[in-house]
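Chemist: Please read through the structure below; I'll follow up with questions.
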Amino acid sequence: MNNVVVKTEWVKSWSENGVGWVQLNHENKLNPLSAGFILAIKEAAEKFDRDTSIGCIVLTGSEKAFAAGADLKEMVKLNYSSVSESRYIENGWLDIPKIQTPIIAGVKGYALGGGCELAMMCDIIIASENAKFGQPEINIGAIPGAGGSQRLTRSIGKSKAMLAVLTGDMISANDAENCGLVAKVFKDSEYEISLKEIATKIANQSKPLAKLAKQAVNVAYETTLEEGIRSERALFYSTFALDDHVEGMEAFSEKRKPNWKNK
Ligand code: CO8
């Protein structure tokens with residue numbers, strides 16, 4: 001696992017109306033996540049995170065899959081010492097949650113194993129009605145390894161997460177929406193336009209305010225309620241230091257749309 005080649009050719013990226021699109025575009029439309037592929041995904045997302053014209057990033061996959069998990073053809077060759085010594089999961093995977101720009105996972109088809117974990121690292125999951133989520137690692141001699149047992153439990157609760165992790169069964173898009181894993185499910189015919197509308201709406205918010213809001217929600221994931229409320233209050237106070245706070249207040253008083261300065 002040393003000398004991993006970054007597979008940039010498997011990632012398509014473009015920007016439109018302040019949205020940075022990162023499409024997983026492996027020649028196998030199931031998008032198996034090899035070490036070089038995840039590094040390319042991370043690099044494309046980080047490039048948009050550094051781009052001040054981008055206010056929202058969207059990760060998407062193919063018609064068939066967001067990603068059907070870790071690349072099992074790569075994984076079959078690995079052993080305990082090669083995964084631990086090469087830091088198999090630390091490289092790339094752990095950088096996705098550090099992205100400061102709001103990031104959406106747009107899921108069509110399968111989001112399984114590492115694919116479900118990658119989607120859960122994003123801030124919002126929007127799905128097409130054919131999407132299927134799951135942590136099927138138990139069926140192939142493993143358990144979730146990139147946060148699945150932790151993020152799924154926080155997202156849908158212990159009992160449902162246990163059911164998914166212990167049976168390996170898939171969760172339909174509608175069930176995923178009902179239990180809060182997915183924010184919205186759209187009919188296949190409406191999915192792309194709706195995903196674009198949501199991403200564009202977020203991209204056109206004040207960028208510093210959106211980043212503070214994202215930070216505030218994420219604190220709820222990681223700390224106690226008391227600590228989270230303290231942190232939210234400090235972030236709320238800090239909004240008063242932004243030109244966009246003044247602009248938002250003035251626009252409300254003048255009954256017009258705010259003209260964000262992004263500072
Ligand atoms: N990795 C590599 N190749 C895959 C994968 C995969 N995850 N999934 C499917 N393929 C390959 C198949 O081997 C097949 O290849 P070939 O044509 O050479 O035989 C091709 O893709 C098409 O697959 P299927 O014929 O199986 O397609 P179906 O449409 O019939 O089924 C499924 C689609 C249901 C997605 C099925 O392929 C499947 O169950 N795949 C495995 C899903 C899985 O177990 N995912 C979890 C993997 S483990 C994991 O993600 C651990 C994460 C830990 C952290 C990440 C560290 C990197």
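The values are calculated or read from the model by the stated rules, or taken from the named source; none is laboratory data. Please read these numbers as outputs of a predicted model, since none were measured by experiment. Glycine also receives a Cβ, built like all others from the backbone with ideal geometry; neighbour counts cover every protein chain displayed. What goes into the accessible areas is simple: the full protein's heavy atoms, side chains included, and nothing from ligands, DNA or RNA. Shrake-Rupley method; radii C 1.70, N 1.55, O 1.52, S 1.80 Å.
Chemist: Kindly list the number of the only condition in (1) open to solvent by less than 10 Å² (accessible area, probe 1.4 Å); (2) within 12 Å of the ligand (Cβ to nearest atom) that fails for MET170.
Modeler: Just one mismatch for MET170, condition (1).
Chemist: Only residues that are small (Gly, Ala, Ser) and over 11 Å from the mean Cα position of the chain (by Cα): list them for region 97-130, please.
Modeler: Residues satisfying the conditions are GLY109, ALA111, GLY113, GLY114, ALA127, SER128.
Chemist: Still on this structure: Looking for whichever is more than 10 Å from the ligand (Cβ to nearest atom), surrounded by fewer than 18 Cβ atoms within 10 Å (Cβ to Cβ) and of a type outside the set (A, V, I, L, M) here; the options are TRP14, TRP10. Which one fits?
Modeler: Checking each option against the conditions leaves just TRP14.
Chemist: In this structure, is LEU235 in contact (Cβ under 8 Å) with a residue 24 or more places away in the chain and open to solvent by less than 90 Å² (accessible area, probe 1.4 Å)?
Modeler: For LEU235, the condition - in contact (Cβ under 8 Å) with a residue 24 or more places away in the chain and open to solvent by less than 90 Å² (accessible area, probe 1.4 Å) - is not met.
Chemist: Follow-up question, since we're still on this one. Select from region 166-193 the residues that are more than 17 Å from the chain's Cα centre (by Cα) and of a type in the set (Val, Ile, Thr) and list them in ascending order.
Modeler: Correct list: THR167, ILE171, ILE193.
Chemist: Return the residues of region 143-164 that are surrounded by 14 or more Cβ atoms within 10 Å (Cβ to Cβ) and either under 15 Å from ALA68 (Cα atoms) or within 10 Å of the ligand (Cβ to nearest atom) (or both); say none if nothing qualifies.
Modeler: Across region 143-164, the qualifying residues are PRO144, GLY145, ALA146, GLY147, GLY148.
Chemist: Scan LEU39, LEU94 and give me the residue that is within 15 Å of the ligand (Cβ to nearest atom) and either more than 20 Å from the chain's Cα centre (by Cα) or more than 18 Å from LYS7 (Cβ to Cβ) (or both).
Modeler: LEU94
Chemist: Please determine, by comparing only the residues of region 199-224 that are open to solvent by 40 Å² or more (accessible area, probe 1.4 Å) and of a type in the set (A, V, I, L, M, F, W, C), which one is farthest from GLY20 (Cα to Cα).
Modeler: Top of the filtered list is ALA220.
Chemist: It is to be established whether one or more residues within region 71-93 are under 24 Å from ALA199 (Cα atoms) and either surrounded by fewer than 14 Cβ atoms within 10 Å (Cβ to Cβ) or modelled with pLDDT of 95 or more (or both).
Modeler: There is no residue in region 71-93 that is under 24 Å from ALA199 (Cα atoms) and either surrounded by fewer than 14 Cβ atoms within 10 Å (Cβ to Cβ) or modelled with pLDDT of 95 or more (or both).
Chemist: Quick one: which of ILE104, ILE125, ILE140 is under 24 Å from LEU39 (Cβ atoms), touching a residue at least 60 places away in the same chain (Cβ under 8 Å) and more than 13 Å from the ligand (Cβ to nearest atom)?
Modeler: ILE104
Chemist: Among the candidates LYS196, LYS201, which residue alone is outside any loop (DSSP other than H, G, I, E, B) and free of Cβ contacts under 8 Å to residues at least 12 places away in the same chain?
Modeler: Every option except LYS201 fails the conditions.
Chemist: Scan region 40-53 for residues that are open to solvent by 10 Å² or more (accessible area, probe 1.4 Å), more than 14 Å from LYS98 (Cα to Cα) and either not in a loop (DSSP other than H, G, I, E, B) or not acidic (Asp, Glu) (or both) and report the count.
Modeler: Total meeting the criteria: 2.
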